[in-house]
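Peer 1: Dumping the structure here so I can ask a few things about it.
The values are calculated or read from the model by the stated rules, or taken from the named source; none is laboratory data. No experiment lies behind these values; they were computed from the predicted model shown. Ideal geometry is used to build each Cβ from the backbone, glycine not excepted, and the neighbour counts take in all protein chains shown.
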Amino acid sequence: VPKEPFVWDKIEQFLSLLPDPYSSEDKQARFTNSFSSLTKLRIEYERLKSHLSQTKSPVVFAHNDLLLGNVIYNKDEGTISFIDYEYAAYCYQAFDIANHFNEFVGISLEDIDYDKYPCEEFQLEWIKVYLAIYLDIDHPSDPLIYKVYTEVQEMSLLSHFLWGIWSLVQYEHSDIDFDFGRYAEIRLNRYFELKDKIFKQLS
C-alpha cells in the first residue's frame, strides 16, 4: 500500500462526484447561495493543497474518522478501542488528531457547538500524552509538542474541507434522513472562517 496521504485523492474523488448542477432547482439554489459555484470550491481546494501539502507532519496509518461515536471506552476493563475503519488509510498524523478534535463539537445538527472545541491547553496536554506513547518517551519536549499543535491547527482546515465536500455529495445522493446541505454549510463555513488566519500563520 503506498504510504501517501489519502486525503488529497479522496477530496478530488468527492469533487468529481459533485453534481453540476444539482438534480433539483431548490438544491442548486441553496448550493449557489452558500458556495457560489463548483469552480470556486475547486480553486479553494487547489489553494488549500498548495499550502498544506508542504507540511512536515509525518504520514502514518490513521483512522481518519475518529468522531467520538467511533471511540469505545470500556470502563470495567479500562480499555479504549476504535470502530468504523471505512476511511482508515495513510494520512498526516496531524490530520487524524485535528479531525478528532473537530468532532468534539457534536455530530447531530442540533448539538453542534463550537464552544465545545478543545482549548489550546487541552490540546497541548493531549498531544503531550500522545507523543509520549507514540515515541515511547517519558517527556516530549515543549518545542515538539507545540510543533504538532501548530500542525493540528493547520490540518483542522483540511478536515473541515474534506467533510464539507463529502456532505455536498451526500446532499445529492443520500437517502438518509439528514440535512447534508446544512452540515456542508457548517463545515465549509468554519473552513472559510478560519482559513485566512491559519494561512497567514503559514506564510
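Peer 1: Select, from 193, 154, the only residue that is within 19 Å of residue 67 (Cα to Cα) and in a helix (DSSP H, G or I). Walk me through how you get there before you give the answer.
Peer 2: Details: 193 fails: within 19 Å of residue 67 (Cα to Cα).
Within the list 193, 154, the selection yields 154.
Peer 1: I need a count of the residues in region 68-82 that are surrounded by 10 or more Cβ atoms within 10 Å (Cβ to Cβ) and outside any strand (DSSP E or B).
Peer 2: First pass over region 68-82, keeping only residues surrounded by 10 or more Cβ atoms within 10 Å (Cβ to Cβ): 68-73, 81-82.
With outside any strand (DSSP E or B) added as a condition, the list becomes 68-70.
Going through region 68-82 one residue at a time, the tally reaches 3.
Peer 1: When you scan region 96-117, how many residues do you find that are under 15 Å from residue 159 (Cα atoms) and at pLDDT 95 or above? Full working, then the answer.
Peer 2: Taking region 96-117 first, the residues under 15 Å from residue 159 (Cα atoms) are 96-107, 114, 117.
Checking which are at pLDDT 95 or above leaves us with 96-105, 114, 117.
Qualifying residue count for the region: 12.
Peer 1: Confirm whether residue 185 is touching a Pro at 6+ places or on another chain (Cβ under 6 Å) and either touching a residue at least 60 places away in the same chain (Cβ under 8 Å) or surrounded by 15 or more Cβ atoms within 10 Å (Cβ to Cβ) (or both).
Peer 2: On the way: touching a Pro at 6+ places or on another chain (Cβ under 6 Å): no; either touching a residue at least 60 places away in the same chain (Cβ under 8 Å) or surrounded by 15 or more Cβ atoms within 10 Å (Cβ to Cβ) (or both): yes.
No, not satisfied.
Peer 1: Would you confirm whether any residue within region 35-44 is over 19 Å from the mean Cα position of the chain (by Cα), under 26 Å from residue 202 (Cα atoms), surrounded by fewer than 10 Cβ atoms within 10 Å (Cβ to Cβ) and without any contact (Cβ under 8 Å) to a residue 24 or more places away in the chain?
Peer 2: Yes; the residues of region 35-44 include at least one that is over 19 Å from the mean Cα position of the chain (by Cα), under 26 Å from residue 202 (Cα atoms), surrounded by fewer than 10 Cβ atoms within 10 Å (Cβ to Cβ) and without any contact (Cβ under 8 Å) to a residue 24 or more places away in the chain.
Peer 1: Let me ask another. For region 1-12, enumerate the residues that are under 17 Å from residue 65 (Cα atoms) and assigned to a helix (DSSP H, G or I).
Peer 2: 7, 8, 9, 10, 11
Peer 1: Against the conditions (1) surrounded by fewer than 11 Cβ atoms within 10 Å (Cβ to Cβ); (2) without any contact (Cβ under 8 Å) to a residue 24 or more places away in the chain; (3) within 19 Å of the chain's Cα centre (by Cα), where does residue 117 fall short? Just the number, please.
Peer 2: (1)
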